[in-house]
Structures are given as structure tokens and as C-alpha cells.
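A short worksheet on the structure shown next.
The values are calculated or read from the model by the stated rules, or taken from the named source; none is laboratory data. No experiment lies behind these values; they were computed from the predicted model shown. So basically every Cβ, Gly included, is an ideal-geometry build from the backbone, and we count neighbours across all protein chains shown. For the accessible areas, the whole protein counts, side chains as well, though only heavy atoms, and no ligand, DNA or RNA atoms are used. Shrake-Rupley method; radii C 1.70, N 1.55, O 1.52, S 1.80 Å.
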Amino acid sequence: MPWRQFRDAVMSQQASLLDKADLHYLQCPKLDHARKRQLIRSEAQQSATVLVAPSGNSAAMAVEVAPRTPVVFASFLDPVRAGFVLSNRVPGAMATGVSLADRLDGKRLQLLQQAFPEIRRVGILTDRSWQQHYDGESRVLAEASALGLQVQLHIGETADDIGPLMGSARAARHQAWYVMPTDLAYVGESRIKSNLRRLGVPAMYSTLGEVERGGELAYAADASFVYPTLAELVKRIVDGESPGRIPIERPRRFLLIARSDARWHTQPINARLLQRANVIF
């Protein structure tokens, strides 16, 4: 849970912050945006020193409804594109934080191709939010074409969409899949993997956990720095720094994760790629 991870990071690495500020968990309803706005506004009006937003949507909302209260965020949305900071170098206004905006699609497709060199046809599972925030499908189609891959996008919104998408006639023609880093991948992970087993093809993912739970391959940003960084940023602001002058932090390390027994039909995963992997299951 984000609250526990942030609290633990403060206690273990920024304990002196507790001498100057109390930590308070603001429990907001996930789908009731009007109520969430009201709670954030009320917290700011009660003179909150800093609002910590563990998602891009929460950050955008906090910046909008509490423009005079510092906001420290972790965001998978590009904070510049989403409009709640002016730039990564000088955020401006009252917000700073960690950007986990992910544009590693081309790299993941390249690694999937290296893992199974004979693969040419790849299905890509995503949602509409990705299209809106990450330059849409034209970029990924161009990156795939440069690698000599034929790709098709399958766009869903809920876990219930996965069965029809991956059970379609065109889905059966794919030799592998790329499961993009979206909410759909999170809420539908078990259904996605069940369909991949039925299809008998491997997939590329975007997190270590997806491979740990049985996926074949992933390329992921090392996010272990996120909560310690949020704790540090809050401490800096409480100590008097202006959030708008603190540069946005970005991942600095990326992990190639693979399963040694991954296969495409009878073809094992490329041994050279395994040698390069940071984590092997």
C-alpha cells in the first residue's frame, strides 16, 4: 500500500521529519472524484504543509484544487504532458516529485525479438488511457516497423474485455504478445496469462512481479527509489525549499528480467539474452 511504503521510508530514512510534521493518511474514494476533490481541498484549507500524491491523477487533482499547497507526487503520467508541472528541470508552481512516465515500448519489442529471433507477429494489449498519454499508437507502430515486426493493437478497458480480445481470430495469429504497462495489465493479469497459456505463446511485460508470477520476460524501471525519494522531497520542502525549483526525479536503472525455461513452441529463450538478464527465475 502506498501509504505504508511512504511512512516506512520516512521512518527509516528521514526520521527527523517526524520532529517537524505529523503524517496523516487521507483516505479518498477511488471513483468518487467530486468527494476526492472535496477531501483534498479541505486538507489544504486546514494548513497541510505538503500533500503527497502517489499517482498522476491524484497529483493533477491536488495541483488543481490546492494550488497554494506544495505537492510531492509519483506519477506514471508524464507530468509535463498532463499539465501539472511546467518542465522536468524546473517544475514551477508548487509541485515536484518522481516521473515514472514509460516510453520503453520500442526497447521491450526489441528485447522480445532478441529473446525469440524467429518471431515476427506480435499482439499488443493496451488501453485508451495509454493512447492519450503516450503519443498513441503511431509511435509504437513506427518502432515495431523499424524492427521488422508486424504488430496489432488490442485495446480494452476492463478485465472483462480481455477474453474477447485475446480470443479473437486475429489474436490467434500472433506469435507473441507485449502487455503494456497499463491499468488493464494490472487488473487483468490472471486472465491475460490464462489466455497466453491457451494460445501457447510468450509475452513481454513491464514489471518484475509479472515475471515472478509466471511471465516469460520483462524490461522494467527499478522503482525501489520512489518512496525514499518522496520522503526526501517532503523533508526538503518542510525544511524550506521551494518545490517548484526541485527537478523531477526519473528512474536511473532498468532491469531485464527473464525465465530460464521460457519457450516459443519448442524454441528456448535465447541464451545470450539470458546472460544479459539482471534477474532470472
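Give the range 162-189 a look and list any residue that's closer than 23 Å to residue 104 by Cα and without any contact (Cβ under 8 Å) to a residue 24 or more places away in the chain, or say none.
Selection gives 186 alone.
Can residue 12 be described as closer than 21 Å to residue 223 by Cα, outside any loop (DSSP other than H, G, I, E, B), open to solvent by 60 Å² or more (accessible area, probe 1.4 Å) and of a type in the set (Ser, Thr, Tyr)?
Values: closer than 21 Å to residue 223 by Cα: yes; outside any loop (DSSP other than H, G, I, E, B): yes; open to solvent by 60 Å² or more (accessible area, probe 1.4 Å): yes; of a type in the set (Ser, Thr, Tyr): yes.
Answer is yes for this residue.
This table checks each residue for (1) open to solvent by 60 Å² or more (accessible area, probe 1.4 Å); (2) aromatic (Phe, Trp, Tyr); (3) closer than 29 Å to residue 201 by Cβ.
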residue: 227; (1), (2), (3): no, yes, no
residue: 231; (1), (2), (3): no, no, no
residue: 234; (1), (2), (3): no, no, no
residue: 244; (1), (2), (3): no, no, no
residue: 255; (1), (2), (3): no, no, yes
residue: 258; (1), (2), (3): no, no, yes
residue: 262; (1), (2), (3): no, no, yes
residue: 271; (1), (2), (3): yes, no, yes
residue: 278; (1), (2), (3): yes, no, yes
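Could you check residue 186 against (1) among the aromatic types (Phe, Trp, Tyr); (2) open to solvent by 10 Å² or more (accessible area, probe 1.4 Å); (3) in a strand (DSSP E or B) and say which number it fails?
Exception for residue 186: condition (3).
Determine whether residue 230 is over 26 Å from residue 54 (Cα atoms) and either of a type in the set (Asp, Glu) or assigned to a helix (DSSP H, G or I) (or both).
no
Can you tell me how many residues within the range 15-42 are under 20 Å from residue 242 (Cα atoms) and open to solvent by less than 50 Å² (accessible area, probe 1.4 Å)?
Residues in the range 15-42 being under 20 Å from residue 242 (Cα atoms) and open to solvent by less than 50 Å² (accessible area, probe 1.4 Å): 2 in total.
Kindly check whether there is at least one residue in the range 70-79 that is open to solvent by less than 40 Å² (accessible area, probe 1.4 Å), without any contact (Cβ under 8 Å) to a residue 40 or more places away in the chain, assigned to a loop (DSSP other than H, G, I, E, B) and not small (Gly, Ala, Ser).
For the range 70-79, residues open to solvent by less than 40 Å² (accessible area, probe 1.4 Å), without any contact (Cβ under 8 Å) to a residue 40 or more places away in the chain, assigned to a loop (DSSP other than H, G, I, E, B) and not small (Gly, Ala, Ser): absent.
Any idea which residue in the range 141-155 is most open to solvent (accessible area, probe 1.4 Å), counting only those that are assigned to a helix (DSSP H, G or I) and touching a strand residue (DSSP E or B) at 6+ places or on another chain (Cβ under 7 Å)?
Among residues in the range 141-155 that are assigned to a helix (DSSP H, G or I) and touching a strand residue (DSSP E or B) at 6+ places or on another chain (Cβ under 7 Å), the one most open to solvent (accessible area, probe 1.4 Å) is 141.
Pick from 110, 114, 132: which is closer than 30 Å to residue 170 by Cα, open to solvent by 50 Å² or more (accessible area, probe 1.4 Å), of a type in the set (S, T, N, Q) and touching a residue at least 60 places away in the same chain (Cβ under 8 Å)?
Of the residues listed, the single one that is closer than 30 Å to residue 170 by Cα, open to solvent by 50 Å² or more (accessible area, probe 1.4 Å), of a type in the set (S, T, N, Q) and touching a residue at least 60 places away in the same chain (Cβ under 8 Å) is 114.
Can we say residue 75 is modelled with pLDDT under 90 and either at positive phi or within 13 Å of the chain's Cα centre (by Cα) (or both)?
Considered against the rule, which asks whether it is modelled with pLDDT under 90 and either at positive phi or within 13 Å of the chain's Cα centre (by Cα) (or both), residue 75 comes out as no.
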